[in-house]
1. Taking the beta-carbon count within 10 Å as an exposure proxy, list LEU273, LEU310 from fewest neighbours to most.
2. Give me THR115, THR59, THR224 ranked fewest to most by other Cβ atoms within 10 Å of their Cβ, as a rough exposure proxy.
3. Please get the size of the charge dipole for the chain, origin at its Cα centre, with Cβ charges of +1 on Lys and Arg and -1 on Asp and Glu, quoted in debye to the nearest 20.
4. Tell me the net charge near LYS158. Cut-off is 14 Å between Cβ atoms, LYS158 excluded, with +1 for each Lys or Arg and -1 for each Asp or Glu.
5. Do the alpha carbons of any pairs in LYS219/LYS291; LYS130/LYS215; LYS158/LYS291; LYS283/LYS305 sit beyond 25 Å of each other, and which pairs?
6. Between beta-carbons, use under 13 Å as the cut-off and find the net charge around PRO306, counting Lys and Arg +1, Asp and Glu -1.
7. In the chain, with Lys and Arg counted as +1 and Asp and Glu as -1 at Cβ, which of these residues, ILE190, LEU126, GLY241, has the Cα nearest the positive end of the dipole, that is, farthest along it?
8. If you take the charge dipole of the range 194-302 about its Cα centre, with +1 on Lys and Arg Cβ and -1 on Asp and Glu Cβ, which of ALA225, LEU267, THR252 is farthest toward its positive end?
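Derivation of every value follows stated rules applied to the coordinates shown; laboratory data play no part. Note that the structure is a prediction, hence the values are computed from the model and not measured. Don't worry about glycine lacking a Cβ; one is built from the backbone with ideal geometry, like all the others, and counts go over all protein chains shown.
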Amino acid sequence: MTKIPVFVIHGFLESGKTTFALETLEDEYFSGGERNLIIACEEGMEEYDDDALKAANATLVMLEDKSELNEKFLSECQKKYKPTQIVLEYNCMWGLDYLREMYMPAGWFVAQVITTVDASTFDVYLKNMKSLFMEMARDSDLIIFNRCEEDTPAATYKRNMRAVNPKAQVVFEKEGGIALQFEEEMPFDIHADVIEIADADYGIWYIDAMDHPEKYDGKTLIFTAMAYVGKRFPEGYFVPGRMAMTCCADDTAFIGFLCKSSYVDRLKSRQWLTVTAKAHVEKRVEYNNEKGIVLYSASLKSGKKPEEELVYF
């Protein structure tokens with residue numbers, strides 16, 4: 001059976017979905033030799049240029065209503081256009097569950113999910129439609145913040161996205177597709193012999209350690225965390241971590257790294273600890289056979305619950 005990749009692009013209205021799709025189709029590596037089918041579920045300011053479509057051997061089908069995107073329609077597209085790859089510019093207001101549960105003809109599969117974000121209006125959308133945006137971010141393989149300015153708080157935005165979806169690639173672009181250069185400053189001394197992580201900085205450290213574990217390899221860390229003890233971990237291991245707010249107060253996740261200790265049997269889940277441990281980078285089954293931080297405790301002491309128990313990014 002022939003495999004036909006589907007590239008899903010979603011984001012709020014005027015977030016740059018069409019522009020991204022056009023730029024992707026212009027890439028010969030992507031569209032060369034393919035019969036491309038573009039299914040656009042909403043019409044924005046940017047339009048698909050006929051010459052660009054012809055050059056990319058692409059056919060455009062516009063949909064105006066959610067009911068049009070159904071099993072019959074997709075099967076007809078397969079028969080009529082015989083595409084070898086599909087770009088689906090999805091209207092997120094139709095609901096992401098509808099997209100997830102959507103029937104696809106035999107051989108079609110979602111190859112990549114891309115979320116486009118207009119950085120200049122991101123704060124407004126996040127304030128008013130946070131749950132929907134975070135739901136999009138969770139499904140994404142690539143999150144693109146476009147229309148960035150030099151003062152765009154890219155480091156903060158990146159931490160928020162990585163907290164929701166650690167596996168997503170997050171990029172920032174200025175007008176013209178120029179990459180925004182920014183420094184991810186840490187609120188603690190990364191070069192200190194012993195790195196002390198304040199309660200308020202736990203989330204910042206966690207995301208940075210997820211993205212750049214090599215920075216902490218061999219470093220000794222001190223931080224306050226809640227113990228998570230369970231049979232799912234190898235003998236002698238537990239996870240000291242914190243509850244993080246990834247969307248709203250009702251949408252939290254426990255974040256932390258595997259820790260080896262001789263005192264695991266004495267620990268209770270949800271017990272607060274002051275952890276002193278040395279970090280090493282290891283490839284672990286618990287990390288889906290990928291490299292990540294593993295802590296080796298030097299000291300576990302009873303700790304005080306932080307004034308703000310939830311971690312923010």
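1. LEU310, LEU273
2. Least to most surrounded, the residues fall as THR59, THR224, THR115.
3. 2020
4. -3
5. The answer is LYS130/LYS215; LYS283/LYS305.
6. Once positives and negatives cancel, what remains is -2.
7. GLY241
8. Toward the positive end, the furthest listed residue is LEU267.
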